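Data first, discussion second: the structure below is written as structure tokens.
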Amino acid sequence: MATDVKSKKDVEEKKEPGWKDLPIGGLIEKPGTSEAYKTGDWRTQRPVWDSEKCINCLICWIYCPDSAVIVEDGKVKGIDLDHCKGCGICAQECPPKCKAYTMVNESEFRGK
Ligand code: SF4
Ligand code: SF4
């Protein structure tokens with residue numbers, strides 16, 4: 001009867017990792033994996049930000065679930081479109097007196 005179980009000798013000869021080489025279960029060895037996962041591909045609408053209307057209250061930065069609002073030195077600099085998934089929360093939460101965001105269909109940027 002064939003078996004996939006390898007003997008200690010097989011493992012040592014082929015220099016395959018043994019059970020002691022396996023990472024501890026549930027251990028995350030490399031943080032920041034969500035940064036590599038570009039959720040911007042899902043987006044059907046894009047927030048277009050108007051710097052002239054923005055008062056830098058940073059409410060959009062607090063509410064954005066993807067940390068896609070780029071802030072430098074306490075001021076909004078734009079949107080990280082690799083990670084913005086177009087939920088529109090920033091536009092919803094931006095104070096009515098500012099309305100610095102307009103949600104625009106992605107097709108207007110990418111062609112139809
Ligand atoms: S649309 Fe959503 S994901 Fe994109 S910047 Fe606004 S709040 Fe963040
Ligand atoms: S919520 Fe609106 S006004 Fe406030 S920082 Fe964001 S874009 Fe600017």
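Comparing S107, P17, A68 along the charge dipole axis of the chain, the residue lying farthest to the positive side is S107, per the Cβ-charge model. Amide H contacts of V104: R46, V48, each under 5 Å away and 5 or more positions distant or on a separate chain (H built 1.01 Å from N in the peptide plane; Pro and chain starts excluded). Label-to-label distance for I55 and I24 is 5.0 nm, based on points extended 7 Å past Cα in the beta-carbon direction. Applying both filters, DSSP loop and at most 10 other Cβ atoms within 10 Å, to the trypsin sites (Lys or Arg not before Pro) of segment 58-105 gives K97. Under the criterion of Cα pairs below 8 Å and six or more residues apart, the relative contact order for segment 42-112 equals 45 percent.
Taking Cβ separations below 4.7 Å as the criterion for a possible disulfide partner, the isolated cysteines in the chain are C54, C57, C64, C84, C87, C94, C98. Residues in segment 56-90, backbone N under 17 Å from the label point at F109 (7 Å along the Cα-to-beta-carbon vector): list them, ranges by number please. Residues 61, 64-71, 77-90 fall inside that zone. So for segment 42-112, considering every pair of alpha-carbon atoms, how many percent are separated by more than 14 Å? I get 54 percent for the Cα pairs in segment 42-112 exceeding 14 Å.
Treating only the Cβ atoms of Lys and Arg (+1) and Asp and Glu (-1) as charged, compute the dipole magnitude of segment 37-112 about its Cα centre; round to the nearest 20 debye.
Details: 11 positive and 11 negative charges, 44 e Å.
My answer is approximately 220 debye.
Dividing the summed -39500 (n - 2.57) terms of all DSSP H runs of n ≥ 4 by the residue count of the chain sets its mean residue ellipticity at 222 nm at -4500 deg cm²/dmol.
Rule-based calculations on the coordinates, nothing more; no lab input. Predicted, not measured: the structure shown is a model, and the values here were computed from it. Cβ: placed from backbone, ideal geometry, glycine included. Neighbour counts: every protein chain shown.
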